[in-house]
Structure formats: structure tokens, C-alpha cells
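Q: Have a look at this one.
The values are calculated or read from the model by the stated rules, or taken from the named source; none is laboratory data. Given the structure is predicted, the values throughout are model-derived calculations rather than measurements. Cβ: placed from backbone, ideal geometry, glycine included. Neighbour counts: every protein chain shown.
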Amino acid sequence: MSDLNGGSPMEVLGEGWSAMVGDYAMAGGWSRGGEALVVGDAEGGVYAFDGESGETAWERRGVHDGGVLSVAVHPKGSVIATAGQDGRVLLWNADEGQVTRAIDVGSSWVEKVAWSQDGQRLAASCSRQVCVYDVDGAEVWRSDDHPSTVSALAWSRRGELATACYGRVSFLGAATGKARQTLEWQGSLVSMVLSPDGDIVACGSQDNSVHFWRRSTGQDSEMWGYPAKPSALAFDDSGTVLATGGGASVTVWSFRKKGPEGTRPGVLAFHEQPISTLAFAPGAMRLASGGRDGAVVVWMLKVTGRGRPVGAEDLGAPVAQLYWRPDGRALAALDARGGVTVWKIGQESGRIRRPRQEQGLSTGGN
């Protein structure tokens with residue numbers, strides 16, 4: 001790993017801290033408004049670190065048999081939900097690290113958990129079903145079987161839960177689970193993100209494309225030409241640009257005016273291996289990308305999708321996840337060795353070397 005204490009003052013990624021968990025750092029999130037960073041690992045352990053110093057606040061090893069798969073922090077930051085291969089969801093007190101409720105969801109892995117934006121509902125995916133619970137862990141409803149394993153979950157501001165699987169995206173009412181809208185696509189959808197207003201749905205597909213719908217008009221389009229499946233997707237907070245993985249470069253599509261149909265995307269070239277995770281800073285055109293090459297890069301973007309790197313570090317292991325602190329003034333990275341790295345965020349730097357050629361990506365409407 002690069003020496004965090006020797007960083008240039010011209011780089012955005014400033015001096016921070018690092019720590020280790022027991023195994024592959026799978027997922028995490030900032031609790032209590034950024035006062036603590038919670039991490040779950042492949043050994044089934046859950047850890048909390050002080051957000052400023054990196055000191056261990058608490059650790060609980062082996063709480064999920066087979067490993068942690070997903071972590072979700074309640075919007076108020078005081079409750080944490082973890083899910084794992086043991087078919088359970090655990091609710092935690094973020095301050096004390098105590099389990100307040102253990103939920104047996106099913107016999108299969110619970111791959112995804114997500115809190116609704118108002119914090120009133122928690123969704124969990126288990127094989128072909130989705131289950132929704134209230135804040136205390138009581139079951140509110142359970143869906144019928146989807147056509148295949150649910151690959152992604154996302155809550156909209158409209159009080160709906162979006163689910164993705166083979167062949168479709170479904171929008172379900174938060175209170176009842178009743179289907180409100182179904183968007184069909186003949187292919188295996190592996191990732192999903194909603195625009196902040198909930199109107200645009202973008203999904204990465206197994207066929208190395210990104211498909212998106214505009215719910216208000218029913219129009220859909222496809223972006224193709226990726227060398228690999230786009231498993232990492234991220235919208236900025238304004239919904240103007242969509243960053244996508246699917247190769248060693250980050251491809252950024254602009255939705256301003258009549259885009260992205262008929263436009264060329266911005267291509268951000270720095271990584272030497274495929275992108276594994278993407279995250280926009282809150283309220284800013286500042287994007288963090290992590291790759292299988294171990295690199296973490298911070299980019300400043302324009303509304304056109306073009307951008308430039310303003311900070312980079314090498315973790316020495318594939319990057320699993322990136323999390324911006326809620327105030328945007330720190331960035332956390334989790335890696336495959338069990339590393340947890342946090343940088344304080346400074347001012348924009350000058351350009352960073354190693355440009356690469358643009359990929360030949362294009363869009364098409366249906």
C-alpha cells in the first residue's frame with residue numbers, strides 16, 4: 001500500500017488511517033453521521049472503527065456463518081443491518097455493537113440488504129424472494145418468487161422498492177409489496193442503480209451492456225461496447241451523469257438535455273484492470289473508482305461526463321467497496337486482503353499521468 005503519511009499536499013487523498021479485519025472486507029458503511037466506520041468480512045465478522053483515528057470501537061467475530069455479504073446503515077446511523085451466507089439478517093446497535101434482533105430470512109444466502117430512505121423499512125433479498133421488515137425487525141411482507149435470483153435492490157424516493165433479476169426490473173409498494181410497474185428486458189441483469197428522482201433505472205447486463213429506462217415516458221435505451229459486464233454503476237446526486245464500469249476505464253454518460261442517446265461518453269482512463277466499485281461524493285461532481293488492480297482514484301467531473309484524476313493510491317489488493325463519509329470529507333476503501341483504508345479529502349490537485357485510449361462505446365434506443 002502507498003504510504004498515506006507521505007502524500008503530496010496537491011493530492012485530494014490526504015493523510016488518514018488504515019486497519020485490518022479478519023478476511024476479505026466485503027461491505028460496510030459510515031454510522032452515526034460518519035463518527036464510525038462499520039465493516040463486515042468474509043469470515044463472518046463485524047467491526048466498528050473510530051472514524052477519525054481508526055481505533056477499533058468494537059469487533060464481533062464469526063457472527064455470520066460462512067461470511068458477511070451485505071451491510072446497510074440506517075439513515076439515522078444508529079442501527080446497522082448485516083446479512084450473510086447463513087440466511088440471516090442481524091440488526092445491531094451501532095454504538096455498543098450488540099445484536100438487537102436476529103432474523104431468519106430463509107435457507108439460502110441473504111445477498112442484499114437496504115434501508116428505505118425514510119428509514120421505516122428494511123429490504124433483504126434471499127434467492128428469488130425479497131422480504132421487507134420494519135425498523136424493529138418484524139416482517140411486513142414477503143414477495144412471491146422472482147423469475148430468478150434477485151441480483152439488486154434499490155429504494156426510490158417515491159416509497160417503492162426496485163428489484164432486478166433475469167428479464168425484468170420490478171417496482172413494489174413499500175407497505176404491501178404490490179407490483180406497481182414492471183420493466184422487461186430479455187437478459188440477465190447483474191447490477192442496478194436509480195437516479196435520485198427515481199425516474200431513470202440503469203442496469204448492467206451479463207451481455208456486457210448497460211440498459212436503462214425512463215419510467216415517466218416508458219422509453220428505454222442500451223449502451224453497448226463494454227469489454228466486460230458492468231457490475232459497478234453510480235449516479236451523481238443531481239442525476240446528471242451516470243458512471244459505469246465494465247472494463248479498465250470508467251465510462252460516464254451525461255443525461256443533460258437529450259443525452260445520453262446520440263452522444264459520446266466521457267472515458268476516464270487510469271486503472272489497469274477492470275473497475276470493481278464506483279461512488280460519488282455527496283452533492284458533488286467528485287467520483288471515486290476502485291479497481292481489481294488495487295488502485296483507488298478520485299476524479300473531478302463535468303456535466304458532459306468528461307473529467308480528470310485529482311488523486312490516486314495503490315492498495316496492493318483488489319478494491320471491494322468505496323464509501324464516502326456523509327459530509328464528503330473522507331473516503332473509505334475496503335480490499336480483498338481485509339484492509340480498511342480511510343483518507344481525508346483535500347482540495348483538487350493537478351492532473352495525474354497515465355492516460356489511456358477511449359473505448360468505442362455507443363448508445364441505441366428501443
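Q: Search the stretch 148-164 for residues being of a type in the set (A, V, I, L, M) and outside any loop (DSSP other than H, G, I, E, B), and hand back the single one that is nearest to Gln186 (Cα to Cα).
A: So, considering only residues that are of a type in the set (A, V, I, L, M) and outside any loop (DSSP other than H, G, I, E, B), the one nearest to Gln186 (Cα to Cα) is Ala164.
Q: Also, I was wondering about something else. Take Trp30 and decide whether it is among the aromatic types (Phe, Trp, Tyr) and touching a Leu at 6+ places or on another chain (Cβ under 8 Å).
A: It is true that Trp30 is among the aromatic types (Phe, Trp, Tyr) and touching a Leu at 6+ places or on another chain (Cβ under 8 Å).
Q: Give Val79, Val12, Val63, Val73 a once-over and let me know the one that is hydrophobic (A, V, I, L, M, F, W, C) and either at pLDDT below 95 or closer than 23 Å to Pro318 by Cα (or both). Step through it out loud before you land on a result.
A: Numbers: Val79 fails: either at pLDDT below 95 or closer than 23 Å to Pro318 by Cα (or both); Val63 fails: either at pLDDT below 95 or closer than 23 Å to Pro318 by Cα (or both); Val73 fails: either at pLDDT below 95 or closer than 23 Å to Pro318 by Cα (or both).
Residue meeting the stated conditions: Val12.
Q: Another question, then. Can you tell me which condition Gly247 does not meet? The list is (1) farther than 21 Å from Ser195 by Cα; (2) touching an Asp or Glu at 6+ places or on another chain (Cβ under 8 Å), and all the others hold.
A: With respect to (1) farther than 21 Å from Ser195 by Cα; (2) touching an Asp or Glu at 6+ places or on another chain (Cβ under 8 Å), Gly247 is out only on (2).
Q: Does any residue of the stretch 206-224 turn out to be buried (at least 23 other Cβ atoms within 10 Å of the Cβ), of a type in the set (Gly, Ala, Ser) and touching a strand residue (DSSP E or B) at 6+ places or on another chain (Cβ under 8 Å)?
A: no
Q: Moving on. If the Cβ limit is 7 Å and pairs must be 6+ apart or interchain, which residue in the stretch 119-136 that is touching a residue at least 12 places away in the same chain (Cβ under 8 Å) pairs with which residue that is among the acidic types (Asp, Glu) and part of a strand (DSSP E or B)?
A: Gln120/Asp134; Arg121/Asp134; Ser125/Glu111; Cys131/Glu139; Tyr133/Glu139
Q: For residues in the stretch 292-308 being in contact (Cβ under 8 Å) with a residue 40 or more places away in the chain and among the small types (Gly, Ala, Ser), which is surrounded by the fewest Cβ atoms within 10 Å (Cβ to Cβ)?
A: Gly307
Q: Quick one: which strands (runs of 3 or more DSSP E) sit completely within the stretch 195-291 and have at least 3 residues that are in contact (Cβ under 8 Å) with a residue 60 or more places away in the chain?
A: 220-224
Q: Take Gly187 and decide whether it is surrounded by fewer than 20 Cβ atoms within 10 Å (Cβ to Cβ) and part of a strand (DSSP E or B).
A: For Gly187, the condition - surrounded by fewer than 20 Cβ atoms within 10 Å (Cβ to Cβ) and part of a strand (DSSP E or B) - is met.
Q: I'm told Ala179 meets every condition in (1) surrounded by 16 or more Cβ atoms within 10 Å (Cβ to Cβ); (2) among the small types (Gly, Ala, Ser); (3) under 26 Å from Arg88 (Cα atoms) except one. Can you identify the failing condition by its number?
A: Ala179 satisfies all of (1) surrounded by 16 or more Cβ atoms within 10 Å (Cβ to Cβ); (2) among the small types (Gly, Ala, Ser); (3) under 26 Å from Arg88 (Cα atoms) except (1).
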